[in-house]
Amino acid sequence: MKRLSIIGIALLFTAPAASDTKTPDTPGLKERAVEIKKKIDAELPALETLYKHLHSNPELSLQEEKTSALLAKEMRGLGFEVTEKVGGLGVVAVLKNGKGPLVLVRTDMDALPVTELTGVSYASRVRARDKAGNDVGVMHACGHDVHMACWIGTARVLAPMKDKWQGTLVMIAQPAEEIGTGARLMLADKLYDRFGKPDYCLALHSDSRLAHGHINYSDGLALANVDSVDITVKGKGGHGAAPHTAVDPIVLAAKIVLDLQTIVSREMNPLDPAVVTVGSIHGGTKHNIIPAEVKLQVTVRTTKDSTRKHVLDSIDRIAKAAAQGMRAPEPVVKVDPGEFTPALINESALTKRTVGVFKELLGADHVHEVPPIMGGEDFSRFAGPDRKVPIFMYFLGTVAPERVAESQKEGGKPLPSMHSDLYAPVPEPSIRTGVLTMSMAVLNLMGK
């Protein structure tokens, strides 16, 4: 998830109590569920091995060469027609089975520049160069390894069940979700023109604060717009002992950081959510040198297009006004269009239809509707610019129930958030629930 990219935000939380309203039985659901559970039992040891391999061998955004090759090989072995290098390193696997709806199921593949500290036996020890050339640790700190294991598991369940469904199943493995780029690249590579425009799109996402066996979802708005803003603060370099001969960009950058906080607190309607966070500040080389510039990286989260425009305009205005007040050169403020992620809005009819199945499968007390969060996910792009393609993403519990219970006690140990170097999903039950729910969600749309 983006920069939850899934995302430095406390992405997902322990779910509230669910409604006691009984969901009407879906014809044939119980019989199909029994068959699927048997298939999952047979596949789980191999899926857990695959998960641990993926966790131990993560790759950064736009570097997912080995991961995409592995997933492509898996899908070919199941009889899918596989196309690689769609939108760079994307994989598209197609299984046609007569007339019927085209259902797209998406997983993401990329990991984060995080050094893992979980202590699990299969922890990542990978190091790589990020796009700036820095040597960084690499970790699946957003659960994309869980997503991939569930994706492969769903394919393994559905491929031999062609007598139970009809239509076209399109399974896509997407690169670069964490930087909000992969979905855009795949769509720009004519994904829908080449493989068909979906009737429905489905995805799941790990939840670092929800017990395994549980599902969270939102009907309608689920995740926010995400923008990345780079600010280059300019000054005049000089000696640290003679600040009067220089224009200090470090002091100016500090002023800008503080002034940016007034956008949400003093310019926005309190009922209109927005987040402005400075996630990176870099400048200077030595104690006694005033540098010539400082670089800031800012993430912006909004839920409305009008709010988004106001916040981005305000960042530009505040940075330039602060520089003018210090007689500094005008800063450079750039909004990166390549990292923009539109808000994710679950289509209501598809959401209700799928959630009904989940409640029958897991019990209504394990399926929880939650408010939107300020994380971001470029799965939103698969709805299309006109939002005419129905999409639904739900969140999969991955934490031991006793750990969740402990975290809720007064003084209890808090659970790590997404993107934490301590996030360690419990593989077997998480994958089991992910494969079961996704397989049944697909059959609910394509079943005979």
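The values are calculated or read from the model by the stated rules, or taken from the named source; none is laboratory data. Computed from a predicted structure; not experimentally measured. Virtual Cβ from ideal backbone geometry, glycine too; neighbours counted across all protein chains shown.
Before moving on, here are some points about what is shown:
- Options 145, 163; residue that is in contact with a His (Cβ under 6 Å, 6 or more places away or on another chain) and closer than 28 Å to residue 354 by Cβ: 145
- Pairs, first in the same structural domain as residue 390 (by TED's automatic domain parsing) in segment 92-118, second among the β-branched types (Val, Ile, Thr) and part of a loop (DSSP other than H, G, I, E, B), C-beta under 7 Å, six or more apart: 111/138; 113/138
- Qualifying position, being among the basic types (Lys, Arg) and surrounded by 15 or more Cβ atoms within 10 Å (Cβ to Cβ), among 353, 317: 353
- Residues in segment 358-378 that are crowded, with 18+ Cβ neighbours inside 10 Å, in a strand (DSSP E or B) and not β-branched (Val, Ile, Thr): 368, 376.
- Candidates are the residues of segment 379-432 that are among the basic types (Lys, Arg) and under 17 Å from residue 106 (Cβ atoms); the one that is surrounded by the most Cβ atoms within 10 Å (Cβ to Cβ) is 381.
- Scanning segment 284-336 for residues that are at positive phi and touching a helix residue (DSSP H, G or I) at 6+ places or on another chain (Cβ under 8 Å) yields a count of 1.
- Check on residue 174, among the polar types (S, T, N, Q) and under 22 Å from residue 337 (Cα atoms): yes
- Within segment 104-128, considering residues that are crowded, with 23+ Cβ neighbours inside 10 Å and assigned to a strand (DSSP E or B), the one nearest to the chain's Cα centre (by Cα): 108
- Any hit, segment 387-401, residues being in a loop (DSSP other than H, G, I, E, B) and within 30 Å of residue 276 (Cβ to Cβ): yes
- Number of residues in segment 135-166 that are within 14 Å of the chain's Cα centre (by Cα) and small (Gly, Ala, Ser): the value is 2.
- Looking only at residues of segment 195-215 that are of a type outside the set (A, V, I, L, M, F, W, C) and more than 22 Å from residue 422 (Cα to Cα), we find that the one that is nearest to the chain's Cα centre (by Cα) is 200.
- Candidates 360, 377, 347, filtered to the one that is assigned by TED's automatic domain parsing to the domain that holds residue 197, among the acidic types (Asp, Glu) and within 14 Å of the chain's Cα centre (by Cα): 377
- Extreme residue, surrounded by the most Cβ atoms within 10 Å (Cβ to Cβ), among residues of segment 195-236 that are assigned to a strand (DSSP E or B) and aromatic (Phe, Trp, Tyr): 200
- In segment 130-153, the residues that are more than 13 Å from residue 71 (Cα to Cα) and assigned by TED's automatic domain parsing to the domain that holds residue 415 reach residues that are surrounded by 24 or more Cβ atoms within 10 Å (Cβ to Cβ) and among the β-branched types (Val, Ile, Thr) with C-beta atoms within less than 6 angstrom, at least six apart or across chains, in these pairs: 142/6.
- Under the condition of being more than 15 Å from residue 281 (Cβ to Cβ) and either at pLDDT below 95 or β-branched (Val, Ile, Thr) (or both), the residues counted in segment 223-246 number 2.
- Here residue 368 passes the criteria (1) over 30 Å from residue 35 (Cβ atoms); (2) touching a strand residue (DSSP E or B) at 6+ places or on another chain (Cβ under 9 Å) except the one numbered (1).
- Matching residues in segment 316-357 - criterion: being over 30 Å from residue 238 (Cβ atoms) and in a loop (DSSP other than H, G, I, E, B): 336, 340, 342, 343, 347
- Tally, over segment 129-143, of residues that are outside any loop (DSSP other than H, G, I, E, B) and among the acidic types (Asp, Glu): 1
- Every residue from segment 167-194 that is crowded, with 16+ Cβ neighbours inside 10 Å and over 22 Å from the mean Cα position of the chain (by Cα): 167, 168, 169
- Close pairs (7 angstrom Cβ cut-off, 6 or more residues apart or separate chains): of a type in the set (Phe, Trp, Tyr) in segment 42-69, in a helix (DSSP H, G or I) anywhere: 51/145; 51/146; 51/149; 51/427; 51/431
- Condition met for residue 308 (in a helix (DSSP H, G or I), over 30 Å from residue 447 (Cα atoms) and in the same structural domain as residue 257 (by TED's automatic domain parsing)): yes
- Residues in segment 68-103 that are closer than 23 Å to residue 380 by Cα and part of a helix (DSSP H, G or I): 2 in all.
- Which numbered condition residue 340 misses (of (1) at pLDDT 95 or above; (2) under 30 Å from residue 252 (Cα atoms)): (1)
- Among residues of segment 131-160 being surrounded by fewer than 23 Cβ atoms within 10 Å (Cβ to Cβ), modelled with pLDDT of 95 or more and among the aliphatic types (A, V, I, L, M), the one that is farthest from residue 32 (Cα to Cα) is 136.
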